[in-house]
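The values are calculated or read from the model by the stated rules, or taken from the named source; none is laboratory data. None of the values given here were measured: they were computed from a predicted structure. Cβ coordinates were reconstructed from backbone atoms using ideal geometry, including for glycine residues, and neighbour counts include every protein chain displayed. Note: areas computed on protein heavy atoms with side chains; ligands, DNA, RNA excluded. Shrake-Rupley method; radii C 1.70, N 1.55, O 1.52, S 1.80 Å.
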Amino acid sequence: GERLAKPERGKMRVHKISNVNKALDFIASKGVKLVSIGAEEIVDGNVKMTLGMIWTIILRFAIQDISVEETSAKEGLLLWCQRKTAPYKNVNIQNFHISWKDGLGFCALIHRHRPELIDYGKLRKDDPLTNLNTAFDVAEKYLDIPKMLDAEDIVGTARPDEKAIMTYVSSFYHAFSGAQKAETAANRICKVLAVNQENEQLMEDYEKLASDLLEWIRRTIPWLENRAPENTMQAMQQKLEDFRDYRRLHKPPKVQEKCQLEINFNTLQTKLRLSNRPAFMPSEGKMVSDINNAWGGLEQAEKGYEEWLLNEIRRLERLDHLAEKFRQKASIHESWTDGKEAMLQQKDYETATLSEIKALLKKHEAFESDLAAHQDRVEQIAAIAQELNELDYYDSPSVNARCQKICDQWDNLGALTQKRREALERTEKLLETIDQLYLEYAKRAAPFNNWMEGAMEDLQDTFIVHTIEEIQGLSTAHEQFKATLPDADKERQAILGIHNEVSKIVQTYHVNMAGTNPYTTITPHEINGKWEHVRQLVPRRDQALMEEHARQQQNERLRKQFGAQANVIGPWIQTKME
């Protein structure tokens, strides 16, 4: 409430030093000795000097004025703590460092003045972290004492910082003793002013204060009852900050106004009664009971608003976590599926050999196993999207669109996978059939080809005979060969039929054959060519045998003629020779 010299507006170092000096001069005017603390060091950011000055201010304005039973400052504050915590078990305040490590001292101070805020019976000495955090949270939430200390630091330090503990404990002293002082001062003021103030002025003040307070309550309640959720955590945090500002800055003055209103009303009634005047009747709707009812409605709305804020923040935290989880899983899945559709739509099997088809099938089976392993991730993505919808996530449309795209792509992948498997298996079956036909063709074509080559060799073989019996033997063998030709032709047609069946399969199912029959080099063209050659050689052989047979018959006649004449001339020659 006191005035300081007006600060300078400049941003230069000289202006900053001047402003700091004005503050130091004020501190010095209150009897504080600033040893070795100069404005230049503070402006230059000397941490040690700055901290020393802050502690000096705390000591002078927060601790030095404490007075308990003729003791002051640190000793008075320690005595006050000992008196207030005396009835509590396991609390023994002897100093401002290790006596506070278990947190029970802070809890006892709060419970002594506000027993409804802490269930002291449930606290345990062996759980200092819980005790300290409970005291700090309650003090910040209900007593407007900021959380200056950190529970982990206190527990983890062999000897907590004495100055920090003293500063924090002094806040409790001022919080609890200030209310009593304010009431005492108000009563004294009422007594002093009761004689001098006019009753009418008190009535006007009451009416105005009541009107202002009710109007403030009327404006504030709709704000506290507004449950319109925000889409982002930042916006909800801002609402929480606004609410904390309301609790810290806007409400406390109104609490004071309400107390002052009740005090003024009671004082006025007392004065009127002592003056033997009729009791004061406020305007309709401005009775103390009306204000209390309105205030009760305000606090009810405030409580509901705080619960709603915390629930909304928890909901948004959950939503942010789920949304991030959704994005991560979706990105991983999309990265995995990238290029899979193009891979499944390849027609590489159309020009593959049977061994390559079998390798492609093995590869496809491995892909199907991989695809099945990713089913869980797709289900998780859909479940997260569903949960985001149920929790009213603000960006649900984009989440749903992305999820739908993933699900559609997944269904398409499944369909393409099945289609490729069917194509691979169909191609494998066709190639296996063709392979079997090729093998059968090779097994039958080889001996038939050897037979034809042997037949051509025999049919073209030259022969030398000297008797009719020899030529008759050759003719008989040739006739027997000719008798085998119909069966041989059937075998040729069967072999060609196998090849034709392969061609039919290729044309019917549009199989792109890579290469020729792997089991033989004998082509149907060669078989037909050799067969045609055999057929041409048979009549030639017939003609040659017939000609040779006629020649042998002629020779036989000549031999017989020669024999008959020789048989006549021979004996005659013999006789003549003798």
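Among the listed options [x] 27; [y] 18; [z] 65, the one matching percent of Cα pairs over 41 Å apart as calculated from these coordinates is [z]. Karplus-derived 3J(HN,Hα) values for the range 488-505, using 6.51 cos²θ - 1.76 cosθ + 1.60 with θ = phi - 60°, are 4, 5, 4, 5, 4, 5, 5, 5, 5, x, 4, 5, 5, 5, 4, 4, 5, 4 Hz; glycine and proline are entered as x.
Summing Cβ point charges (Lys, Arg +1; Asp, Glu -1) relative to the Cα centre of the range 1-63 gives a dipole of roughly 180 debye. Within the set Lys84/Lys147; Lys22/Lys74; Lys504/Lys530; Lys16/Lys147; Lys258/Lys303; Lys11/Lys141, which residue pairs have Cα atoms separated by over 26 Å? Check vs 26 Å cut-off fails for Lys22/Lys74; Lys16/Lys147; Lys11/Lys141. What do you get for the angle between helix 73-85 and the principal long axis of the chain? Use alpha-carbon atoms, 0 to 90 degrees, nearest ten. Approximately 70 degrees, to the nearest 10.
A simple rule links phi to the HN-Hα coupling: the Karplus curve 6.51 cos²θ - 1.76 cosθ + 1.60 with θ = phi - 60°, which for the range 114-131 gives 10, x, 6, 7, 9, 8, 5, x, 8, 7, 10, 5, 7, 10, x, 4, 5, 4 Hz, with x for Gly and Pro. Computed from Cα positions, the angle between helix 104-113 and the longest principal axis of the chain comes to roughly 50 degrees.
If R0 is taken as 60 Å, the Cβ-Cβ distance between Glu152 and Ala423 corresponds to a FRET efficiency of 0.40. Scaled to the globular estimate 2.2 N^0.38 Å, the Cα spread of the range 450-573, given as radius of gyration, is 1.76.
Computed from the Cα positions only, the extents of the range 377-484 along the three principal axes stand at 115, 17, 16 Å, in decreasing order. Within the assembled protein chains, the solvent-accessible surface assigned to Thr433 is about 60 Å², based on a 1.4 Å probe.
Using a cutoff of 8 angstrom between alpha carbon atoms and counting only pairs six or more residues apart, the relative contact order for the chain works out to 8 percent. For the range 532-563, the residues whose amide N sits under 20 Å from a probe point set 7 Å from the Cα of Ile468 along the beta carbon direction are 543-563.
Average 1/r across all pairs of distinct alpha carbons in the range 507-557, invert it, and you get the Kirkwood radius: 15.1 Å. Put a plus charge on the Cβ of each Lys and Arg, a minus charge on the Cβ of each Asp and Glu, and nothing anywhere else: the dipole of the range 193-319 about its Cα centre is then about 300 debye.
Heavy-atom surface analysis with a 1.4 Å probe gives the range 1-63 a carbon and sulfur content of 59 percent of its accessible area. The heavy atoms of Trp451 present about 80 square angstrom of accessible area, all protein chains included, probe 1.4 Å.
Accessible surface ranking for Arg227, Arg9, Arg83, Arg273, 1.4 angstrom probe, highest first: Arg9, Arg273, Arg83, Arg227. Note on Glu306 and Ile569: their simple-model spin labels are 16.0 nm apart, each label 7 Å out from Cα toward Cβ.
Say each of Glu501 and Thr516 gets a label point 7 Å from the Cα, pointing the same way as Cα to Cβ; how far apart are those two points in nm? Using points 7 Å along Cα→Cβ, the separation is 2.2 nm.
Enter the angle in degrees (range 0 to 90, nearest 10) between the Cα long axis of helix 233-245 and the first principal axis of the Cα atoms of the chain, meaning the one along which they spread out most. Approximately 10 degrees, to the nearest ten. Once the C-beta distance of Glu547 and Trp451 is scaled by a Förster radius of 30 Å, the resulting FRET efficiency is 0.65 to the nearest 0.05.
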